[in-house]
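Here's the structure, in structure tokens; my notes come after.
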Amino acid sequence: MTALLATRVAKPDAAAIADAVRLLAGGGLVAFPTETVYGLGADATNGNAVARLYAAKGRPAFNPLIAHVTDVEAARAIARFDTDAVRLAESFWPGPLTLVLPKADDCAVADLATAGLDTIALRVPAHDVARKILSGFGRPVVAPSANRSGHVSPTTAEHVLADLGGRIDLIIDGGATTVGVESTIVACLGKPVLLRPGGMPREAIERALGHPLGDPARYPGAEDAPRAPGMLASHYAPHTPLRLDASQVEAGEAMLAFGPMLAAGTGGAARVLNLSERGDLTEAAANLFSHLRALDAAGAKTIAVMPIPRHDLGEAINDRLARAASGR
Ligand code: TXA
Ligand code: MG
């Protein structure tokens, strides 16, 4: 059991950043904004802090974490980069791309953080607040999305407080995140493989590599390990069932719309929210999790979801919606 903590919420001024760094150094848990979603940070080199983090999230302990660092140089101290990994890091860091790489021999990250795997997920976030905390702390910070396990990822400090209030030490409130879906995860353990679609579109990654990404079924260790982790079916589930690719909304349903509203109208709907009226996938990604939360709270029998194109950020949006629909 986690003892109840007085969770503080603070604006990201210098005093709050210093506080975050002090808490991390003492094994504490600090939620902070990244450009994708809010992360729940702990000292990656402190096994006890990582254990507290799993407990606060209620996360199955076999799901490994992403280590966040300030730059490629810090990343090279904990993982081995091949040519493709170097190219991706140079093209997209800082930014919403996570690389899964072989751990360096003298990797300082606690074994618990990687769930005992000999690979490690690494990311250099682009958000100013995340960067200030990382450079002030000077060590890698593991940070899963700052939600209880099985809930949708938080894109505001209010979401974090609702999920983790009383279970963590501090929330730095940097406003709503801009990307809105988690980072794209690519494994570079041989031919690069897309493990999780996310905030960096597949098309951009394939352009930088000069060749297509591989198939996750061929990910080494796929048979026995948490495969394309983040792939627990129930990971992104709201409580209300989802009905995908809906072409109309029924009485008593809530609706998650995309693009121009239905010609048939939405009369009788419990609540309607549009991801992007102008059909912009970037805007839709930024709104996805907060709209899902708001519709989940509407007390509707189902959430009808209009079709969303599958290219660019649409791949990640459709992936999260499919999980939300199936994983209950
Ligand atoms: O945008 C993001 O990536 C956010 C922000 C806070 O950085 N973080 C995030 O973390 O989404 P989390 O823990 O919710 O998802 C990380 C995913 C998990 O599905 C985990 O299984 C996978 O990364 N992962 C971590 N280490 C791995 C490894 N060595 N091999 C394969 N997958 C790994
Ligand atoms: Mg998560």
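The values are calculated or read from the model by the stated rules, or taken from the named source; none is laboratory data. No experiment lies behind these values; they were computed from the predicted model shown. Positions of Cβ are backbone-derived with ideal geometry, glycine not excepted, and every protein chain shown enters the neighbour counts. Quick note on the areas: whole protein, heavy atoms, side chains included, nothing else; ligands and nucleic acids left out. Shrake-Rupley method; radii C 1.70, N 1.55, O 1.52, S 1.80 Å.
In whole Å, how far is the Cα centre of the stretch 122-153 from that of the stretch 31-51?
Cα centroid of the stretch 122-153 versus Cα centroid of the stretch 31-51: 5 Å apart.
Please say if the stretch 246-298 is rounded, prolate or oblate, where rounded means a/c under 1.5 for a ≥ b ≥ c the square roots of the C-alpha gyration tensor eigenvalues, and otherwise the choice is prolate for a/b larger than b/c and oblate otherwise?
Oblate shape, in that a/c is at least 1.5 and b/c is the bigger or equal ratio.
Would you pull out the residues with amide H under 5 Å of Ala115's amide H, same chain only if 5 or more places away, H placed 1.01 Å from N?
Leu65
Can you put Lys103, Lys57, Lys132, Lys301 in order of accessible area, largest first, using a 1.4 Å probe?
The ranking, largest first, comes out as Lys301, Lys132, Lys103, Lys57.
Using protein chains only and a probe of 1.4 angstrom, how many square angstrom of Ser290 are accessible, to the nearest 10?
Here the accessible area works out near 30 Å².
Once the dipole of the chain is set up with Lys and Arg at +1 and Asp and Glu at -1 on Cβ about the Cα centre, which of Ala55, Gly175, Ser91 lies farthest towards its positive end?
So the residue we want is Ala55.
Take Val100, Val272 and sort them by solvent-accessible surface of the protein heavy atoms, 1.4 Å probe, largest at the top.
I get Val272, Val100, largest accessible area first.
Expressed as a whole percentage, what fraction of the accessible surface of the chain belongs to carbon and sulfur atoms when a 1.4 Å probe is rolled over the protein heavy atoms?
Values: 6830 of 12950 Å².
In the chain, the share of accessible area belonging to carbon and sulfur is 53 percent.
Which far-off residues, 5 or more places away or on another chain, put their amide H under 5 Å from the one on Arg8, with H placed in the peptide plane?
Under 5 Å from the amide H of Arg8 lie the amide H atoms of Leu170, Ile171, each far enough along the sequence or on another chain.
Sorted by accessible area (1.4 Å probe), largest first, how do His311, His239 line up?
Solvent-accessible surface, decreasing: His239, His311.
Taking a cut-off of 30 Å between Cα atoms, list the lysines near Lys132, but don't count ones fewer than 8 places away on the same chain.
Filter leaves Lys11, Lys57, Lys103.
Quick one: P(r) of the chain from all Cα-Cα pairs, 10 Å bins, percents rounded to integers, in order of increasing distance.
Pairs per bin, as whole percents: 6, 27, 35, 23, 8, 1, 0.
Hey, can you find the accessible area per residue of the chain for me, probe 1.4 Å, expressed in square angstrom?
Spelled out: the 1.4 Å probe surface of the chain, per residue, equals 39 Å².
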